[in-house]
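See below for the structure under consideration.
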Amino acid sequence: MRQAVLSNSAGDFVFSPFNADATIVSISEVSGAGFKSSEVLNGKPRQDLSGGKLDQVQITAEAFGGTSTAVLEPLHTLKDADEPVVFIEHINNRGLWTIKQIRKTKEEIQPNGLTRKIKFAVQLEEFANA
């Protein structure tokens, strides 16, 4: 079972999908390669390493049962703090990241307003100013 935890840099505020009674569906990564091509007049293009784009991670999870979107409030609190978060995947500290986006989808909404299923995704971007 995969685990993912986000906390502020002091480590005193933690969000995990498991705190929200959720199950991680997937963790996907995009690693930014920093090669740029330069045209050469009489030959093949030349490639130089130029630093590249920042890495990105997306954590997708689902919460079941009679839940409300209030289970995601701790995540929004972390996002609104305007500081990087510590991302820990399983037992590996992945360093500092910024929360770029939180997406949530409500499914199976009951007449009383409770949602039986909430899908949510957290998009993180590597924090480069560390």
Pairs where the first residue, in the range 83-105, is over 15 Å from GLU126 (Cβ atoms) and the second is of a type in the set (Phe, Trp, Tyr) and buried (at least 16 other Cβ atoms within 10 Å of the Cβ), C-beta under 9 Å, 6+ apart: ILE102/PHE120; ARG103/PHE120; LYS104/PHE120; THR105/PHE120
Residues of the range 58-110 being closer than 20 Å to SER28 by Cα and out of contact with any strand residue (DSSP E or B) (no Cβ under 9 Å at 6 or more places or on another chain), in sequence order, are ILE91, ASN92
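None of the figures in this text is laboratory data; all of them are computed from the coordinates on show. These figures come from a predicted structure and were not determined experimentally. Here the Cβ is made from the backbone with ideal geometry for all residues, glycine too, and neighbour counts use every protein chain on show.
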